[in-house]
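These notes concern the structure reproduced below.
The values are calculated or read from the model by the stated rules, or taken from the named source; none is laboratory data. Keep in mind the model is a prediction, meaning the values are calculated, not measured. Cβ sites come from the backbone with ideal geometry, for glycine too, and all protein chains shown count toward neighbours.
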Amino acid sequence: MNAALPCLVPDMPSVLELQPYLRSMDQVAWYTNFGPLAQKFESRLTRVLRRRDRRTGSIGICTTSSGTMALELALGAMNLPPKGRVLVPAVALPATATAVIRAGFVPLVCDVDPQHWVLTPEIAEKHIGKTRVDAVLPVAAFGPSLDSRAWDEFSARTGMPVLIDAGAAYPDQTVGDRCPVVFSFHATKVLGIGEGGALAARDLQITTRAKCLSNFGFTEGEVLVPGTNAKLSEYHAAVGLAQLDRWAGIVQRRQAVWRLYDEILHEVLPEQVVRQAGKPSSAPSLMVVAIPGLPAARVLDRLEMRGIQGRQWYCPALHLQPGIRDHAEIVGDQLPHADFLSEHIIGLPFHSRMTREDVSAVTRKLAAAIEDAAQ
Ligand SMILES: Cc1ncc(COP(=O)(O)O)c(C=O)c1O
């Protein structure tokens, strides 16, 4: 059965909103290869990221054809040793681990913090005392940003390179002095452009190297390192610019739906669901809850029967994905928190077209699905 209420609906610009950018692209007949729209998109992104932070100084940006490619290029630009071992949390999109593998490194998959559902500097520190780790790749799971100052301190203290996967955490994720950040602009993200991503770093050598890698490895007409083609096209940059023009409205609509969920979940299911701890995003991207005691798949099935589409975002966790496990090392005897989340997480419909009635219907039907699944 097709669910009447879909889980995600992208909030994209209309043809009219895109038109001025598409027209300017046609006027100069420049469609990719670091064209004027990609350059403009990068400078607007840089401005936003600099404004989010009290730190001064430059931020370099390298836009890419996807967030996954930004991760892969960032890892390639960080001067890690060949076959380096990169600590990643088990609760992540497969993209995090596949980027590590495809960049020629080995993911070391570890457990996450039980309240915040992320890899923290404390967890990383525990592992680097026990096994060889060459870099750490924490993930801003489900959207809330990570504390880049805490990761900077960790990196300074341990000498460990850190790359933050902030796929869904634009624009809250600040760029560390020592920690570059990757964003995704997939259509379902808050700043959705279809497909696209960006690497942001305060070490401009990293973004310069990533840019060179995104263009086959060319530097001044010569390929000095084998790169790939991961450039952002002018078409996608046009969507990005139109989205930045609509930004205030996009955020307002998402915040309104988030507030409705806060209110109605608390009212209807005060005890049965667990939420991710910490400060929510200023531009929320997903609504994820955990239902302790019941398999998420069972609840989702009952929810779908009631016309509501849900998802098990980031599940199965990385250590349970056969194609990743075969190329990775699992650190720690057990990963109880990742196992719990993998079993119990549910992504509820969350998009800017939702009304109070929709949120109320999802929540009531979730309560009924939980009751039904418990029988
Ligand atoms: C945390 C995280 N990492 C990586 C990615 C991959 O980005 P993309 O889909 O743009 O390749 C995403 C988005 O899907 C994400 O949310």
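Do we find that residue 167 is surrounded by 24 or more Cβ atoms within 10 Å (Cβ to Cβ), assigned to a loop (DSSP other than H, G, I, E, B), within 11 Å of the ligand (Cβ to nearest atom) and among the small types (Gly, Ala, Ser) in this structure? Spelling it out, residue 167 is indeed surrounded by 24 or more Cβ atoms within 10 Å (Cβ to Cβ), assigned to a loop (DSSP other than H, G, I, E, B), within 11 Å of the ligand (Cβ to nearest atom) and among the small types (Gly, Ala, Ser).
Of all the residues that make up the stretch 187-212, how many are within 16 Å of the ligand (Cβ to nearest atom), surrounded by 22 or more Cβ atoms within 10 Å (Cβ to Cβ) and not in a loop (DSSP other than H, G, I, E, B)?
Our first condition is that a residue be within 16 Å of the ligand (Cβ to nearest atom); within the stretch 187-212, this holds for 187-200, 210.
Of the ones still in play, those that are also surrounded by 22 or more Cβ atoms within 10 Å (Cβ to Cβ) are 189-193, 196-200, 210.
Within this subset, residues satisfying the condition of being not in a loop (DSSP other than H, G, I, E, B) are 197-200, 210.
Residues in the stretch 187-212 being within 16 Å of the ligand (Cβ to nearest atom), surrounded by 22 or more Cβ atoms within 10 Å (Cβ to Cβ) and not in a loop (DSSP other than H, G, I, E, B): 5 in total.
Residues being over 18 Å from residue 61 (Cβ atoms) and in contact with a His (Cβ under 9 Å, 6 or more places away or on another chain) are represented in the stretch 193-201 by at least one member. When residues in the stretch 33-42 are screened for being touching a helix residue (DSSP H, G or I) at 6+ places or on another chain (Cβ under 6 Å) and assigned to a loop (DSSP other than H, G, I, E, B), 1 of them pass.
Away from the ligand (no atom under 16 Å from the Cβ), of a type outside the set (Asp, Glu), closer than 19 Å to residue 168 by Cβ and surrounded by fewer than 17 Cβ atoms within 10 Å (Cβ to Cβ): is that true of residue 28 in this structure?
Numbers: away from the ligand (no atom under 16 Å from the Cβ): yes; of a type outside the set (Asp, Glu): yes; closer than 19 Å to residue 168 by Cβ: no; surrounded by fewer than 17 Cβ atoms within 10 Å (Cβ to Cβ): yes.
Considered against the rule, which asks whether it is away from the ligand (no atom under 16 Å from the Cβ), of a type outside the set (Asp, Glu), closer than 19 Å to residue 168 by Cβ and surrounded by fewer than 17 Cβ atoms within 10 Å (Cβ to Cβ), residue 28 comes out as no.
Here residue 231 clears all of (1) surrounded by 20 or more Cβ atoms within 10 Å (Cβ to Cβ); (2) in the same structural domain as residue 347 (by TED's automatic domain parsing) except the condition numbered (2).
Residue 342 meets all of the listed conditions (1) closer than 25 Å to residue 91 by Cα; (2) touching a helix residue (DSSP H, G or I) at 6+ places or on another chain (Cβ under 8 Å); (3) in contact (Cβ under 8 Å) with a residue 60 or more places away in the chain; (4) not in a helix (DSSP H, G or I) but one, namely (4). If you go through the stretch 67-94 and keep only what is of a type outside the set (A, V, I, L, M) and touching a Phe, Trp or Tyr at 6+ places or on another chain (Cβ under 6 Å), you end up with just 84. Are any of the residues in the stretch 156-164 within 17 Å of the chain's Cα centre (by Cα) and in a loop (DSSP other than H, G, I, E, B)? Yes. Comparison of 248, 237 shows that the only residue that is free of Cβ contacts under 8 Å to residues at least 60 places away in the same chain and either charged (D, E, K, R) or part of a helix (DSSP H, G or I) (or both) is 248. Might you check whether a residue that is within 15 Å of the chain's Cα centre (by Cα) and either crowded, with 21+ Cβ neighbours inside 10 Å or not assigned by TED's automatic domain parsing to the domain that holds residue 53 (or both) occurs anywhere in the stretch 126-135? Checking the stretch 126-135: not a single residue is within 15 Å of the chain's Cα centre (by Cα) and either crowded, with 21+ Cβ neighbours inside 10 Å or not assigned by TED's automatic domain parsing to the domain that holds residue 53 (or both). Does the stretch 162-173 contain at least one residue that is farther than 21 Å from residue 88 by Cβ and either hydrophobic (A, V, I, L, M, F, W, C) or in contact with a helix residue (DSSP H, G or I) (Cβ under 9 Å, 6 or more places away or on another chain) (or both)? Yes: one or more hits. Checking each residue in the stretch 63-102 for being polar (S, T, N, Q) and either in contact with a Cys (Cβ under 7 Å, 6 or more places away or on another chain) or buried (at least 19 other Cβ atoms within 10 Å of the Cβ) (or both) picks out 63, 64, 65, 66, 68, 96, 98. Under the condition of being part of a loop (DSSP other than H, G, I, E, B) and of a type in the set (Gly, Ala, Ser), the residues counted in the stretch 251-280 number 2. Confirm whether residue 143 is within 11 Å of the ligand (Cβ to nearest atom), touching a helix residue (DSSP H, G or I) at 6+ places or on another chain (Cβ under 7 Å) and farther than 16 Å from residue 99 by Cα. Taking the combined requirement at face value, the residue does not satisfy it.
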